[in-house]
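First up is the structure itself, then whatever we jot down about it.
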Amino acid sequence: QVQLVESGGGLVQPGGSLRLSCAASRTVFGIYDMNWYRQPLGKQREVAAQITRGGDAIVADSVKGRFTISADTDENTVILQMDNLKPEDTAVYYCNAVPPPWIHGMQEVWGQGTLVTVSA
């Protein structure tokens, strides 16, 4: 089973940038769907961005044009580059790996979460 280790969260002013990293313990690209979720305090968890096992990269409408998801295949790391951050982006961000549903015995995996706070 793969393990995920997140880093990069912190406090940033509105309009600033942060780079989140999700380092996987082994190869994930082409095997797992890789997702970045976020959960604002007191609200439901939502998808911010994902890279499918087929290689497609997408972002949610709420962050389109500001967030970019990418894969560093050499380091088995998923990157979420966040630019022009807004207070409403404040949330705990979680990395998530979803195995192919036709492969039995493989479980969905979550990182520990990293807090992003956007405030003046």
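The values are calculated or read from the model by the stated rules, or taken from the named source; none is laboratory data. Please read all numbers here as calculations on a predicted model, not as lab measurements. Cβ coordinates were reconstructed from backbone atoms using ideal geometry, including for glycine residues, and neighbour counts include every protein chain displayed. All accessible areas refer to the heavy atoms of the entire protein, side chains included, with ligands and DNA or RNA removed. Shrake-Rupley method; radii C 1.70, N 1.55, O 1.52, S 1.80 Å.
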Leaving out ligands, DNA and RNA, what percent of the accessible area of the chain is carbon and sulfur, probe 1.4 Å? 49 percent
Ordering ARG53, ARG19 by accessible area with a probe of 1.4 Å, largest first, what comes out? ARG19, ARG53
Let me check against my output: what whole-number percent is the relative contact order of segment 1-46, with C-alpha pairs under 8 Å and at least 6 apart? 32 percent
Give a quick list of GluC sites (Glu not before Pro) in segment 23-107 that DSSP marks as loop, anything other than H, G, I, E or B, with at most 16 other Cβ atoms within 10 Å. GLU75
Cα lying deepest toward the dipole's positive end in segment 6-120, options THR90, ILE69, PHE29, charges on Cβ: THR90
Over all Cα pairs of segment 3-63, the Kirkwood radius sets Rh, and Rg/Rh then becomes 0.99
Averaged per residue, the 1.4 Å probe accessible area of the chain, protein heavy atoms only, in Å², is roughly 54 Å²
Neighbour net charge for SER70 - beta-carbon separation under 14 angstrom, K R +1, D E -1: -4
On alpha carbon coordinates alone, what is the Rg over Rh value for the chain, Rh being the Kirkwood radius? 0.97
